[in-house]
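The values are calculated or read from the model by the stated rules, or taken from the named source; none is laboratory data. All of these numbers come straight from a predicted model, not from anything done at the bench. Reconstructed Cβ throughout: ideal geometry from the backbone, glycine too, with neighbour counts over all protein chains shown. Note: areas computed on protein heavy atoms with side chains; ligands, DNA, RNA excluded. Shrake-Rupley method; radii C 1.70, N 1.55, O 1.52, S 1.80 Å.
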Amino acid sequence: MARVPANPPVEGRVAALDGGFWLVAAMAGVCALLLGLSLLRVVLAPAAGVAAPSPSPSSSAGDLPSTPSSFLLADIRPAPALALTDQDAAPFVLDDLRGTPTFVFFGYTHCPDVCPATVATIGDAMTAAGVPTRAIFVTIDPARDTVAWLKEYLRYVPAGFIGLTGSDAAIATTAAAWGVRYAREETDLPDRYGMSHTADVFLVDAAGQLRARFPFGTSAAAMAATVTAVVVNPVAAASPTPATPAASGSAPGSGSAPGSASAGPSPTTSLGVTVVSSSVWSGPAGPVILTLSAAGVRLDSLTMHPMVQLLGPDGGAVGSPVAATAVQPPGVAHTSWVAQLPIPSAGSWRIAVTAAIGGRDAAGDAPINALDPGTTPAIGRPAPTVHTPTLDDVGGVARAITTDPAPDLRLSQHSTTDALAAHQPFVLVIDSTRFRVSPACGRAIVLARYLLDRWPAVDFIHLEPYRYDVITDTAVLQGTLDAPTLTDPTAGWGIGGAPWGARSMPWIFVVDGAGIVRAKYEGVIGSDDVDVIVSLIEQGG
């Protein structure tokens, strides 16, 4: 067998969309699932122009600290209606589960991977939550997911699930109310179609209010921590609000405008604050990305300058308020605001936001959770000068520096040292397609492919995190998935130190033309994070 050393150390090279969901697209391919059915293979990919900000962390339950504040919705309101038929052919309404926190997931039983993985994660979260919880599986494929079939399916999923089905019209109306999109994907095989659909999980509290939304790939630990946060910090039941028009495609509490973006909100003193940032870090001033709303309508004024004040656990002000900068990336209809906040230590904090809307003062607040950066480069400090390997370094043999089976070679053209020497902004993506140590592995590479076409003046650079050998064209890991060996460049970026460890993947670092780290993200990451920060750098912010 031919052994080719992969991702070799390089010596002597030192130099300084708008939207709220990930779409699960059905792809051709057949595999066996429950009772021997042949099904389409489903893979995760962002829909064109839309990708959701996705919180961190995403590693296996118990591996990493959780960040419930990243998932909590600022705009708390009664959960949309669920009035369907359960697996026992009995009528079901969501109020039947009042008094118990409940997960809600829309999927279909013939899904070969995304839905089973999500159901299993929800089951683990219910176990880890430490309080009684329930879960609802709403089918988006009622033609096949009959009452009898759902009852059989639930025999194979964790305890505590309720399955719901109904007519095509009832399912469509229900999904629209929850901001869930789905579509049938035909194949050449009769009756063996797949479904593309929103793969988020929702959390409804004991009072029947929609409190959190988890993107696909969120860990059971993070879900369980969010349940705990909701139970420990209940809020008074909100009054019913008018239903969001189904045509908007917005999820309640997602921060998207429920109607026309041009129709401004009525004057109000209540400001809805949603934290978009997947990862917020303790230490020097770092970006906290926000969206704002009033009267249920997202605010998009580029001339509004909100002030953001960090609040401690006792509600007192910490430091001075900072002005948030409005950012609207090219081709994006909505505005985000970026506040550069220094946060003294890791843990739970709040932010208070004030702004002038229609001649009146408005105020709102939101929880945030600051992460411990550990040994990773501090935001606002120079990027490491370690050389990341390129195709030229390995004689053009792509498999020596990436485990992606169909790599985008543009991600391996330049090193971080090349970008630093050229004073070129860059986004470093540390991720592995083959060696998946977390559910999020591989997603950062997909994100980079999407964004590099949007930002031609920015270098997008992929770094494979783990050492491996190539044996007969197959990447073989050095070490094990439980204890992988980091490459030298990965270690040079501070990955592997406490509290994160070598299995915390993926990582993304955004560095400006002056070589300063402007943002960093660990775990599940949405395009809004990087898109907004790159746009801020491009506009000189």
query = What spacing in nm lies between the two simple spin-label points modelled at Ala317 and Ala143, each 7 Å away from Cα in the Cβ direction?
reply = 6.1
key: Whole-percent pair-distance distribution, where bins are 10 Å wide, for the alpha carbons of the stretch 164-234   = 16, 36, 31, 14, 4, 0
ask   = What order, most packed first, do the peptides 428-434, 395-401 have when packing is the mean number of other Cβ atoms within 10 Å of each residue?
value = 428-434, 395-401
Kirkwood hydrodynamic radius (C-alpha pairs) into Stokes-Einstein, the stretch 302-382, 25 °C and 0.890 mPa s, D in µm²/s = 171
task = Please state, rounded to one decimal and in Å, the Kirkwood hydrodynamic radius that the stretch 108-231 gives when every pair of distinct Cα atoms enters the mean of 1/r.
result = 15.3
query = Simple spin-label model, 7 Å along Cα-to-Cβ: Ser167 to Met304 in nm?
reply = 4.1
query = Once you wrap a convex hull around the alpha carbon atoms of the stretch 457-516, what is its projected area averaged over all directions, in nm²?
reply = 5.5
Counting DSSP beta bridges with both ends in the stretch 362-492, the antiparallel % (nearest 5) = 55
query = For Arg410 and Arg98, what is the calculated FRET efficiency with R₀ set at 60 Å and r taken between the beta-carbons, to the nearest 0.05?
reply = 0.70
ask   = What is the stretch 361-502's relative contact order, in percent, from Cα pairs under 8 angstrom and six or more apart in sequence?
value = 27
query = Tell me, what is the per residue accessible area of the stretch 320-453 in Å², probe radius 1.4 Å?
reply = 39
request  = At 0.36 nm per residue, minus the direct Cα-Cα distance, what do Arg155 and Ala483 gain on full extension? Give it in nm, one decimal, please.
outcome  = 114.6 nm
key: Calculated on alpha-carbon atoms, Rg and Dmax of the stretch 393-527 in Å   = 14.1, 42
